[in-house]
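A.B. asks: Below is the structure I would like to discuss, written out as structure tokens.
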Amino acid sequence: MNKLFRLVTPLLGLVFLIFLFISLRTMISDPLMLSNQKATLDKKSSQYAFFLPASDNAFFSRLKAGAMEAARDMDCAVIFHTLTPESLSFEMASYSGANGIAVFSYEKNQRMVESLAKILKKGMPVVQIENEVVSSPNTVLIGTNSYDSGKSIAKIAMSSGKGDLQIALIYSDKNPALKADANLVEIGLKSTLGDKLAQLYTRTTTFNPIDAEGVIYELLRKVPDIDIIALTDSNDTLVTIQAIIDLNLVGQVQIIGFGDEESIRQYIEKGVVLGSIVRNPVEIGYRAVAALKEMNTNGNTSAFVDTGINIIVNTTNSR
Amino acid sequence: MTRNSLRVRLLFYLSISMIIVILSLGFILVNSLSLQNIAHHRFQEEHYFQEVQTFLVDLQDPLEKYLTDRSSSALARLLFLIEVIREKIPPDRPISSDETYLMKREIYFLIDAYVAQVNQIIELKRGRKVVEYIDSYREMTNLYTHISNEIDKVSLRGFRVQLGEYRSFLDLFRRIQIQNMLLVVVATAFAYSLLMQMVNNITRPMLQLSEMAGQLSNGRFEIPDVHFSSVDEVNLVAMAFNHMKNSIHHYINELQKQTEMEQQIMTERLRNLKMEQLLKRMELYTMQAQMNPHFLFNTLNTGVQLAIVEEADRTAEFMENLAALFRYNIRGKRFFVPLRHEIEGLKLYYAILQIRFPKTLMLVLDIDETLVDRFNCPAMILQPLVENSVLHAFKHIDKTGTIKVRVSLDQTVLVISVSDNGIGMPEDLVKSLLTPHTRDYQLGPKVMGLENVIQRCYFFYPNQKDVIDIQTAPGTGTEIVIRIHTEVEPCIEL
């Protein structure tokens, strides 16, 4: 009995300490407990507000990623707002306490212009991405040159080897920059293709992600001799590819896509897609923050920052 | 009251047990409060913004009232609410990379702008700048709507985050509850074990002591002392018990020794009694060996005087020798006498025998005269031995009987020999005579003179088996030899 107590008592003491330790560890190390403690803020020097269209496509995701990366590099914070016709966010941006605004205007309307004017009146630096709504010394335009985009589409179209091309150019509300500068895109396209371009058709898709399918069916029904369909949005590209496959027109109707999503790359490798034009959204986001920071610090920066454009083609199938 | 006393130990163990249980319960309370705090903290921000939103809503009514009828009470209420809202908004708004925080920060700035807008409207109203204040009011309304939207957005975001963490919170809650329950169970068991150990420390020695008491009651005093490392009181009881056990053991040993000693004394007494009895028996032997000497002596003296009166000289000489022999025989009752006395007694006896047997008996004395005054010998040994030869050795023999008495010293042994040339003794008689009498030996009514001498020799020299010896053969005579070791003291003091 005595031996039993001599053994059991220290054993129970040990078990008690173990349980106490486990309980303490649970209390101290659990993420909920940790998050409950007053987190010390990683203080930043400035805050910039980005106003982007309500689109989930990869372009804006990567643009945000670029902006976040720049914010980390330049000791500042960024916040993203959705730019919709109904939202008051952009109108009230001048009251938000941000040190600068970056906006991807989907259209140039009165409300947008007034809101930008109000922001600029407050002396806040403004970066306009892809689409320049107002021109002011306090603003910077960052993006790709639409003329170059047209030229890039033309270069890919030429790689098809066909002549007397009947090309359909599909703009999209999801990529308002090219839509806004449609004339520049078309000038670039025409100037490059010259006589090879027999006819250019243009259509526009809405924010509806599957809108492109209806547009393509309608287009092909009306113009069955279309040689190339060029798209200006990655989502529209994928929907169009599926429509061409469904219509069994692969090879007969060539597709010039937009974006460098993995699925688009795979279709390029399979020869379903002729090629794709790719802007650099990460670079755009990064440059936007850098420009805002520079304007905040120095009071001015370059009026236009070109982030360039890339072309993806299937080198093995290229002719 | 020492540190090891029962009271202190009891207090200590009880305190420790209570502290363990209280600590466990306290720990559980802290856990519960922490969980409660988590739950509270999760919705604190949302609650705060809802409160701010309520103030903003409350502000609309007095503002509209003031703008419509310029009510001073509405203005007072308005200004009061503006101050309340200002106090609610944190003045320090550092910038952070956390998106939710940035959203909240923007709301603070928007509220600042809203309050400034309200103030501006009040001023414009006072200045009757109707167009401007209508524009400002529109802007303020937009701001209010936007702030409400943003607050809703932040709250929704917060609720979504909380919803995402709700399962984690439930998991944590369940885990902590189970751990708490186990902790309480283990803590209680530990406290109970501590108490039981203390109780065992006290009861175990008591049980051992009771067992030992049982062993002591069975007479096992040789069991080792008990030593406990228990409380002082128990240790003292153990010490007292050891002392008691050792004392009882000591007393019992003493009693045993005393009993043994008494037994020895009793044995000694018994032995002495038996010795005394033997002595008395010896005395009886001696007395039996004596006739009524005084009466005979006086009678003989009368006979001597009568013979002298009647002029019978040989009779007178005979009776005188006989009287002298009696005189010798009734000497003092001494067990040992000088050897000379024995020789002289023998000579008197022979003088008498010569009158009885003038031609048939001859006594030859071969005695070293240097020895007769140096040594003692048991009294009355020579005359009985010679008398034995005279009475038994020459029966039915016609020749002259010769008895030879020789006294010599063989180193330290005094050798006294009486021999005759008679008929000898039967072997069974010799064996019977040389057998020492036991204590239980019953003396016969008549003891032979030779037997008397032999037994007395054995009595005086019990450890010397060769003190007396008989050598005999039919027709060749008998020799009785007494060997007295002069360096050995006889067993009875003279």
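A.B. asks: Give the residues of the stretch A:77-100 that are assigned to a strand (DSSP E or B), more than 15 Å from residue A:63 (Cβ to Cβ) and either hydrophobic (A, V, I, L, M, F, W, C) or at the interface with chain B (Cβ under 8 Å from one of its Cβ atoms) (or both), sorted by residue number.
C.D. replies: Across the stretch A:77-100, the qualifying residue is only A:77.
A.B. asks: If you scan the stretch B:173-201, which residues turn out to be more than 7 Å from every other protein chain (Cβ to nearest Cβ) and buried (at least 21 other Cβ atoms within 10 Å of the Cβ)?
C.D. replies: B:191, B:198
A.B. asks: Of B:339, B:385, which residue is surrounded by 17 or more Cβ atoms within 10 Å (Cβ to Cβ), closer than 23 Å to residue B:466 by Cβ and either in contact with a Gly (Cβ under 9 Å, 6 or more places away or on another chain) or not assigned by TED's automatic domain parsing to the domain that holds residue B:469 (or both)?
C.D. replies: B:385 is the lone residue from the list that is surrounded by 17 or more Cβ atoms within 10 Å (Cβ to Cβ), closer than 23 Å to residue B:466 by Cβ and either in contact with a Gly (Cβ under 9 Å, 6 or more places away or on another chain) or not assigned by TED's automatic domain parsing to the domain that holds residue B:469 (or both).
A.B. asks: Which residues, taken from the stretch B:400-425, are assigned to a loop (DSSP other than H, G, I, E, B) and either free of Cβ contacts under 8 Å to residues at least 12 places away in the same chain or surrounded by 13 or more Cβ atoms within 10 Å (Cβ to Cβ) (or both)?
C.D. replies: B:411, B:421, B:422, B:423, B:424, B:425 - these are the residues of the stretch B:400-425 that are assigned to a loop (DSSP other than H, G, I, E, B) and either free of Cβ contacts under 8 Å to residues at least 12 places away in the same chain or surrounded by 13 or more Cβ atoms within 10 Å (Cβ to Cβ) (or both).
A.B. asks: Please list, ordered by first then second residue, the pairs with beta carbon atoms under 8 Å, 6 or more apart or interchain, first in the stretch B:63-90 and at positive phi, second in a helix (DSSP H, G or I).
C.D. replies: B:70/B:125
A.B. asks: May I ask you to say which residue of B:274, B:245 is of a type outside the set (Asp, Glu), within 30 Å of residue B:335 (Cβ to Cβ) and out of contact with any Phe, Trp or Tyr (no Cβ under 6 Å at 6 or more places or on another chain)?
C.D. replies: Residue meeting the stated conditions: B:274.
A.B. asks: Restricting attention to the stretch B:146-168, does a residue exist that is under 24 Å from residue B:30 (Cβ atoms), surrounded by 16 or more Cβ atoms within 10 Å (Cβ to Cβ) and within 7 Å of chain A (Cβ to nearest Cβ)?
C.D. replies: Yes, the conditions are met somewhere in the stretch B:146-168.
A.B. asks: Which condition breaks for residue B:205 when tested against (1) more than 18 Å from residue B:40 (Cβ to Cβ); (2) facing chain A (nearest Cβ under 9 Å); (3) touching a helix residue (DSSP H, G or I) at 6+ places or on another chain (Cβ under 6 Å)?
C.D. replies: (2)
A.B. asks: Looking only at the stretch A:115-136, count every residue that is away from chain B (no Cβ under 12 Å) and more than 25 Å from residue A:66 (Cβ to Cβ) and tell me the total.
C.D. replies: Qualifying residue count, the stretch A:115-136: 3.
A.B. asks: Oh, and also: Quick one: is residue B:88 within 14 Å of chain A (Cβ to nearest Cβ) and surrounded by 13 or more Cβ atoms within 10 Å (Cβ to Cβ)?
C.D. replies: no
A.B. asks: Could you pull out the residue among B:19, B:28 that is under 29 Å from residue B:163 (Cα atoms), out of contact with any strand residue (DSSP E or B) (no Cβ under 7 Å at 6 or more places or on another chain) and of a type outside the set (Gly, Ala, Ser)?
C.D. replies: Of the residues listed, the single one that is under 29 Å from residue B:163 (Cα atoms), out of contact with any strand residue (DSSP E or B) (no Cβ under 7 Å at 6 or more places or on another chain) and of a type outside the set (Gly, Ala, Ser) is B:28.
A.B. asks: Next question. Looking at (1) surrounded by fewer than 17 Cβ atoms within 10 Å (Cβ to Cβ); (2) free of Cβ contacts under 8 Å to residues at least 60 places away in the same chain; (3) more than 27 Å from residue A:114 (Cβ to Cβ), find the lone condition where residue A:189 falls short.
C.D. replies: Residue A:189 satisfies every listed condition except (1).
A.B. asks: While we're looking at this one, here's another question. Determine which member of the set B:217, B:168 is within 60 Å of the chain's Cα centre (by Cα), farther than 30 Å from residue B:79 by Cβ and among the small types (Gly, Ala, Ser).
C.D. replies: B:217
A.B. asks: Follow-up. Any idea which residue in the stretch B:1-41 is modelled with the lowest pLDDT, counting only those that are surrounded by fewer than 12 Cβ atoms within 10 Å (Cβ to Cβ) and among the polar types (S, T, N, Q)?
C.D. replies: B:2
A.B. asks: Regarding the stretch B:103-119, can at least one residue be identified that is at pLDDT below 90, crowded, with 18+ Cβ neighbours inside 10 Å, under 21 Å from residue A:90 (Cβ atoms) and of a type in the set (A, V, I, L, M, F, W, C)?
C.D. replies: no
A.B. asks: From the list B:254, B:283, B:233, pick out the single residue that is charged (D, E, K, R), in a helix (DSSP H, G or I) and modelled with pLDDT of 90 or more.
C.D. replies: B:254
A.B. asks: Being crowded, with 19+ Cβ neighbours inside 10 Å and touching a residue at least 40 places away in the same chain (Cβ under 8 Å): is that true of residue B:231 here?
C.D. replies: So residue B:231 fits the description; yes.
A.B. asks: What number goes with the only condition from (1) among the charged types (D, E, K, R); (2) more than 14 Å from every other protein chain (Cβ to nearest Cβ); (3) in contact (Cβ under 8 Å) with a residue 24 or more places away in the chain that residue B:7 does not pass?
C.D. replies: Here residue B:7 clears every test but (3).
A.B. asks: In addition: Identify, please: which residue in the stretch A:192-206 is in a strand (DSSP E or B) and surrounded by 14 or more Cβ atoms within 10 Å (Cβ to Cβ) and is, among those, farthest from the chain's Cα centre (by Cα)?
C.D. replies: Restricting to residues being in a strand (DSSP E or B) and surrounded by 14 or more Cβ atoms within 10 Å (Cβ to Cβ), the top hit is A:198.
A.B. asks: Let me ask something else. Can you tell which of A:245, A:229 is part of a helix (DSSP H, G or I) and not small (Gly, Ala, Ser)?
C.D. replies: A:245
A.B. asks: In the stretch B:458-472, is there at least one residue being surrounded by 15 or more Cβ atoms within 10 Å (Cβ to Cβ) and among the acidic types (Asp, Glu)?
C.D. replies: Yes; the residues of the stretch B:458-472 include at least one that is surrounded by 15 or more Cβ atoms within 10 Å (Cβ to Cβ) and among the acidic types (Asp, Glu).
A.B. asks: Consider residue A:119 against the criteria (1) in a helix (DSSP H, G or I); (2) over 27 Å from residue A:61 (Cα atoms): it satisfies all of them except one. Which criterion is unmet?
C.D. replies: Unmet condition: (2).
The values are calculated or read from the model by the stated rules, or taken from the named source; none is laboratory data. Computed from a predicted structure; not experimentally measured. Cβ atoms come from the backbone with ideal geometry, glycine included; neighbour counts cover every protein chain shown.
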